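Accompanying notes for the structure given below.
The values are calculated or read from the model by the stated rules, or taken from the named source; none is laboratory data. Note that this is a predicted model, so its numbers are computed, not measured. Here the Cβ is made from the backbone with ideal geometry for all residues, glycine too, and neighbour counts use every protein chain on show.
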Amino acid sequence: MSSPDEDLTLQDTDRVTGRAALVGNARAALAVAAAVRSTLGPKGMDKMLIDQNGEVLITNDGATVLDTAKVEHPTAKLVIETSITQDRVARDGTTTSILILAELLRNALELSRSGLHPTIIADSYRSAYSMCMKEIDSIARPITSDEDVRYIVSTCIGQKIDSSMLDLVCMLALDASESIEVNDPEGERILVKRISLEEGAVTDTELVSAFVTRKQRFDKSMPNHGGSCSIAVIDGGLEVPELEFDAELEISSLGVREGFTQRKRKKLEGLVSHLESLGVGILAVRDGIDEEAQSMLRKAGINCFRRFDKEDLNRLSQITGAMIVRSIEVTESTHLGRCDSWKERKVSGVHYLHVVSNSGRGKTLLVRGSTPALRDEVVRTFDDALGVAVRVSGTAPMLPGGGSTWSHLARMLRNEASKYAGKRQLAVEGFADALETIPRVLAQNSGHDPIDRILELSAAQTKDGPWVGFDLMTDNLVSLDSIGIIDLRLVVENALSGATEGAISVLRIDDVLWAKVEPGEPDWNQDEDED
Ligand code: ADP
Ligand code: MG
């Protein structure tokens, strides 16, 4: 009970305590799960999302659905956080993690109704989780061929993209992943650039072994391609600062002004000859280049590209081995990078610079397709595929897909549950039920009776082991590894840990304090004002 003092302190606060808090929290989690439930699996349905500006996006990617959702309830936000973490760490399994988390809470609610204390439920969930991690160890298999990696990637993106594009995106992602170290999220973004081109059909999408950026050379009379050369990457420009110019003009007279112009020229000459003495072939700068330096640069044979954004400067530095230097004055030969070749190419009237590094690092996905929405979809799917491809690591990274891993774990838990005393047994069974949601929803989404399916699957697995399961495209019971329905172990383990941790953190809450919102203008009024 709260004391009168506490009541006074909390007078501007709405308060929900005990089981009412759990009820509210579980409901919020289930509402989020309901929003993405129908997207799970290869036969998942699409959602049409319309943002405030009326932009329409059709997707069956759970993470994308939640990304655009406007959610108020703190527990709903926590559930979405879990899926964001899943996306960041494992790149796949976002819908799976949310569905399991919500079911864990639904079952916890049932268990608490039958008298189980939330701490006991949380404890039992934790033990069930540990048992699952041990079991996963015994069913996971090693990669035996390149084909296995392709299977993992295609199971991950299979349902997100038109089947005609599946093989292409899969191949491009595997190709791109070769230049990235395992588990290097920075590398995924920096070493593989994505560029959307308006020309061509989506099937013309290609991966080029070069860093490509939308840029035209500073001096059009210079060659538009070249061979191996040194590159200087400068986080500044080839300019004489205006401030210096203005300060000296205060004591202006014609002679002084001329003197200044000469000094400025001298300075530019000094900078260009410094670059020439270092043997720089290409100069890439973040800021501008003084027009006056053009003829000097031409004479020195230095081709220039300006106005690079920070990210492209970073990419260029990473792929050529150049160090990003603050200014030309302090540039030394050890700061320079090298490229094997470079060229400028025009596509639909836009100039693109291609730089091929001598280390083989750096690729660019040139996405083509008729509409921006289509190109975005290709990029999103490619991102997922690449994310999964670079995460294939470890000695046994493969698990059966199609819900078979979850069904196997649920059966194992039910067998083990009998070893637990009294009510803890119920909680372990509740955990098992939550895992079974995945094969259940996969069956539902492909138009089958979930109970029949689960029983059939369970019987088949008891007879032939955990690697048997349903191929939802043909509806046959198959040996999943032979036809390549494979989930990445990292994805499964992370979904399981995220869902368990999320559920436990909600179970520990028995008091929700909401600050009372001032009865002021509703939000939509502000929006209207802005319009
Ligand atoms: P998530 O956001 O959790 O990754 P998905 O919609 O991508 O959700 O669905 C993933 C599930 O679909 C995985 O369990 C995966 O094994 C399963 N799956 C993918 N392709 C098939 C298939 N052809 N047959 C059966 N299950 C499949
Ligand atoms: Mg997926």
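Being assigned by TED's automatic domain parsing to the domain that holds C229 and touching a Lys or Arg at 6+ places or on another chain (Cβ under 7 Å) is not true of I328. Before we move on, is D452 farther than 20 Å from A434 by Cα and assigned to a helix (DSSP H, G or I)? For D452, the condition - farther than 20 Å from A434 by Cα and assigned to a helix (DSSP H, G or I) - is not met.
No other residue among V212, V192 is closer than 26 Å to L374 by Cβ, away from ligand 1 (no atom under 16 Å from the Cβ) and touching a helix residue (DSSP H, G or I) at 6+ places or on another chain (Cβ under 7 Å) apart from V192. The residues in the range 336-363 that are touching a residue at least 24 places away in the same chain (Cβ under 8 Å) and over 14 Å from I282 (Cβ atoms) can be counted, and the count is 10.
Is there a residue in the range 152-161 that is small (G, A, S), free of Cβ contacts under 8 Å to residues at least 40 places away in the same chain and within 13 Å of ligand 1 (Cβ to nearest atom)? No, the conditions are met nowhere in the range 152-161.
Can you find a residue in the range 425-444 that is of a type in the set (S, T, Y) and surrounded by 19 or more Cβ atoms within 10 Å (Cβ to Cβ)?
The first filter runs over the range 425-444 and keeps only residues of a type in the set (S, T, Y), leaving 437.
This time we only want the ones that are surrounded by 19 or more Cβ atoms within 10 Å (Cβ to Cβ), so: 437.
Scanning the range 425-444 turns up at least one residue that is of a type in the set (S, T, Y) and surrounded by 19 or more Cβ atoms within 10 Å (Cβ to Cβ).
Only strands (runs of 3 or more DSSP E) wholly contained in the range 326-380 count here; list those with 1 or more residues that are within 27 Å of V240 (Cβ to Cβ) and under 29 Å from the mean Cα position of the chain (by Cα).
On the way: elements: 337-347, 350-357, 363-367.
So the answer is 350-357.
Pairs linking a residue in the range 300-317 that is buried (at least 19 other Cβ atoms within 10 Å of the Cβ) to a residue that is among the polar types (S, T, N, Q) and not in a helix (DSSP H, G or I), with Cβ atoms under 6 Å and 6 or more positions apart or on different chains, are D312/T213.
Exactly one residue out of K419, K423 is assigned by TED's automatic domain parsing to the domain that holds V491 and assigned to a loop (DSSP other than H, G, I, E, B): that is K419.
Conditions tested, residue by residue: (1) closer than 19 Å to R380 by Cα; (2) surrounded by fewer than 15 Cβ atoms within 10 Å (Cβ to Cβ); (3) assigned by TED's automatic domain parsing to the domain that holds L104.
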| residue | (1), (2), (3) |
| --- | --- |
| P42 | yes, no, yes |
| M45 | yes, yes, yes |
| V65 | yes, no, yes |
| T82 | no, no, yes |
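For the range 450-500, filtering for residues that are of a type in the set (D, E) and free of Cβ contacts under 8 Å to residues at least 60 places away in the same chain leaves 4. Here Q52 passes the criteria (1) modelled with pLDDT of 85 or more; (2) loosely packed, with under 15 Cβ neighbours inside 10 Å except the one numbered (1). Within the range 402-411, can one find any residue that is away from ligand 1 (no atom under 16 Å from the Cβ), assigned by TED's automatic domain parsing to the domain that holds M133, touching a helix residue (DSSP H, G or I) at 6+ places or on another chain (Cβ under 8 Å) and not small (G, A, S)? Yes, the conditions are met somewhere in the range 402-411. Within the set T213, T203, the sole residue that is out of contact with any His (no Cβ under 6 Å at 6 or more places or on another chain), of a type in the set (S, T, N, Q) and in a helix (DSSP H, G or I) turns out to be T203.
The set of residues in the range 455-476 that are more than 10 Å from ligand 1 (Cβ to nearest atom), surrounded by 17 or more Cβ atoms within 10 Å (Cβ to Cβ) and not in a helix (DSSP H, G or I) comprises P466, W467, V468.
One residue alone among E72, E81 is more than 16 Å from ligand 2 (Cβ to nearest atom), assigned to a loop (DSSP other than H, G, I, E, B), under 27 Å from I50 (Cβ atoms) and not aliphatic (A, V, I, L, M), and that residue is E72.
Per-residue answers, yes or no, for (1) assigned to a helix (DSSP H, G or I); (2) within 16 Å of ligand 2 (Cβ to nearest atom); (3) among the polar types (S, T, N, Q); (4) touching an Asp or Glu at 6+ places or on another chain (Cβ under 6 Å):
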| residue | (1), (2), (3), (4) |
| --- | --- |
| L111 | yes, no, no, no |
| I120 | yes, no, no, no |
| D123 | yes, no, no, no |
| S130 | yes, no, yes, no |
| K160 | no, yes, no, yes |
| D167 | yes, no, no, no |
| M171 | yes, no, no, no |
| E199 | no, no, no, no |
